[in-house]
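Trainee: Shown below is the structure under consideration.
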Amino acid sequence: MTVTKRIEVNAGKPYSVKIGKGLLDKTGEEAKALGLDGKALIISDDNVAALYIEKVSASLKEAGFEVFSFVIPHGEGSKSAENLIAILEFAAENSFSRTDTFFALGGGVVGDLCGFAASVYMRGANFVQLPTTLLAAVDSSVGGKTAIDLQAGKNLAGAFYQPKFVLCDTDTFDTLPDEEFSNGMAEVIKYGMFCDGEFLDILTENNTDIESIIARCVQIKAKVVEADEFDKGERMFLNFGHTVAHAVENLSSYTTPHGSAVAIGMAVITKAAIAMGKCENEALEILIELLKKYKLPFECPYGVDEVFEVTLKDKKNAHGKITLVIPTGKGESVLQKCDYNELKEIITLGLK
């Protein structure tokens, strides 16, 4: 095991995010060191399970856990109410208690689903994140947002529930398809765009130190989450590009991956900000350069009316207004509350 980076997240009960090579082999050791024991439920998808579930299971058994597994089909469609209930029934049938632990082994879909299941099982079982994608490592595995999708939209049912710890084994990225790595880079770019211009400069260079890139993203997210755990203010900055992104995902019936949708959403909002006179062209130029570098899309294939109608169902919609992250320059942004007319105007400007 090689831990090259460790970040402390002081949200809820403080926990550590460890980043490095070979960490999955030490899952059981880490859990035991934190006082976890009893039963372990590894939740994974069919792609990831074929590669890593035996490794994690062996580590947990060596540490004294009684190990169970629940494998879902890969893809956004598995983040469903049906799978949530199936996991809860499985845990109950196997006599799990609230002192036992759910382990999320996979990407964002697995992490969101597993975390939500843990949060509601007996009003809260232990929960551990083992992200195996870049996107999950830099974003969804940290901060405690868990959710499932409803027919009306993405992440409409969920809970804030922090993990006991996060182990990011960068060896798992060796088996990622190129498209999945690119999707993770969309979330990486997001951090630079909304608050860290220096990070944007680093990303435009040929930087291959993935541990440092992940650590910088996690440090930014940890700071934001510590200030606003429940997404009522500063944490909304993490949603840069996501309102349009969720609409793109929905309109594509979730065939457009989350990272690609975020890339499109960031481009749309940045174009709109420039059209409104709130942002310089430099920010868009840097964004497009980075999206091209990582083979990410930046043109929205849907029309204004289509995107607008779906954004009205976004979970950030409150009392007839929705909060958007508006870029104001390289690595700078502000939060702007918009009524429906303003929202439609912004989407219109961004899609021109």
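The values are calculated or read from the model by the stated rules, or taken from the named source; none is laboratory data. Given the structure is predicted, the values throughout are model-derived calculations rather than measurements. No Cβ is skipped: glycine too gets one built from the backbone with ideal geometry, and neighbour counts run over all protein chains shown.
Trainee: Answer with yes or no whether residue 69 is under 20 Å from residue 145 (Cβ atoms) and not aliphatic (A, V, I, L, M). Talk me through it step by step, then tell me what you get.
Mentor: Numbers: under 20 Å from residue 145 (Cβ atoms): no; not aliphatic (A, V, I, L, M): yes.
Against the criterion (under 20 Å from residue 145 (Cβ atoms) and not aliphatic (A, V, I, L, M)), residue 69 does not qualify.
Trainee: Looking at (1) farther than 15 Å from residue 161 by Cα; (2) crowded, with 18+ Cβ neighbours inside 10 Å; (3) not hydroxyl-bearing (Ser, Thr, Tyr), find the lone condition where residue 74 falls short.
Mentor: Among (1) farther than 15 Å from residue 161 by Cα; (2) crowded, with 18+ Cβ neighbours inside 10 Å; (3) not hydroxyl-bearing (Ser, Thr, Tyr), residue 74 violates only (2).
Trainee: Residue check, residue 231 against (1) at positive phi; (2) assigned by TED's automatic domain parsing to the domain that holds residue 331; (3) surrounded by 20 or more Cβ atoms within 10 Å (Cβ to Cβ), all met but one. Which one?
Mentor: Against the list (1) at positive phi; (2) assigned by TED's automatic domain parsing to the domain that holds residue 331; (3) surrounded by 20 or more Cβ atoms within 10 Å (Cβ to Cβ), residue 231 comes up short only on (3).
Trainee: Given the structure, is residue 123 touching a helix residue (DSSP H, G or I) at 6+ places or on another chain (Cβ under 7 Å), of a type in the set (Lys, Arg) and modelled with pLDDT of 95 or more? Quick ask: steps written out before the conclusion?
Mentor: Details: touching a helix residue (DSSP H, G or I) at 6+ places or on another chain (Cβ under 7 Å): no; of a type in the set (Lys, Arg): yes; modelled with pLDDT of 95 or more: yes.
No.
Trainee: Considering only residues that are over 13 Å from the mean Cα position of the chain (by Cα) and more than 22 Å from residue 284 (Cβ to Cβ), which ones fall in the range 236-259?
Mentor: Across the range 236-259, the qualifying residues are 249, 250, 251, 252, 253, 254, 255.
Trainee: Being without any contact (Cβ under 8 Å) to a residue 40 or more places away in the chain and either in a helix (DSSP H, G or I) or under 15 Å from the mean Cα position of the chain (by Cα) (or both) is the filter here, so list the residues in the range 201-223 that pass it. It would help to see each step written out before you state the result.
Mentor: Just the residues of the range 201-223 that are without any contact (Cβ under 8 Å) to a residue 40 or more places away in the chain, to begin with: 201-202, 205-209, 216, 220, 223.
Scanning the range 201-223 gives 201, 202, 216, 220, 223.
Trainee: In addition: I need every pair where a residue in the range 84-105 that is farther than 13 Å from residue 69 by Cα has its Cβ under 6 Å from the Cβ of a residue that is in a helix (DSSP H, G or I) and of a type in the set (Gly, Ala, Ser), sequence separation at least 6 or different chains.
Mentor: 84/117
Trainee: Here's something else I'd like to know. Of the residues 92, 157, 152, 125, which is touching a Ser or Thr at 6+ places or on another chain (Cβ under 8 Å) and surrounded by fewer than 24 Cβ atoms within 10 Å (Cβ to Cβ)?
Mentor: After ruling out the rest, the residue left standing is 125.
Trainee: Name every residue in the range 240-254 that is surrounded by fewer than 24 Cβ atoms within 10 Å (Cβ to Cβ) and modelled with pLDDT of 95 or more, in order of residue number.
Mentor: Answer for the range 240-254, where residues must be surrounded by fewer than 24 Cβ atoms within 10 Å (Cβ to Cβ) and modelled with pLDDT of 95 or more: 251, 252.
Trainee: With the condition being of a type in the set (Lys, Arg), outside the structural domain of residue 110 (by TED's automatic domain parsing) and buried (at least 18 other Cβ atoms within 10 Å of the Cβ), I'd like the helices (runs of 4 or more DSSP H) fully within the range 258-352 carrying at least 1 qualifying residues.
Mentor: Working: elements: 258-275, 281-293, 304-311, 340-350.
Per the criteria, 258-275, 340-350.
Trainee: Say whether the condition of being touching a Lys or Arg at 6+ places or on another chain (Cβ under 9 Å), of a type in the set (Ser, Thr, Tyr) and part of a helix (DSSP H, G or I) is met by at least one residue in the range 179-187.
Mentor: Yes.
Trainee: Test residue 41 against the criterion of being at pLDDT 95 or above, assigned to a loop (DSSP other than H, G, I, E, B) and among the aliphatic types (A, V, I, L, M), and give yes or no.
Mentor: No: the conditions fail for residue 41.
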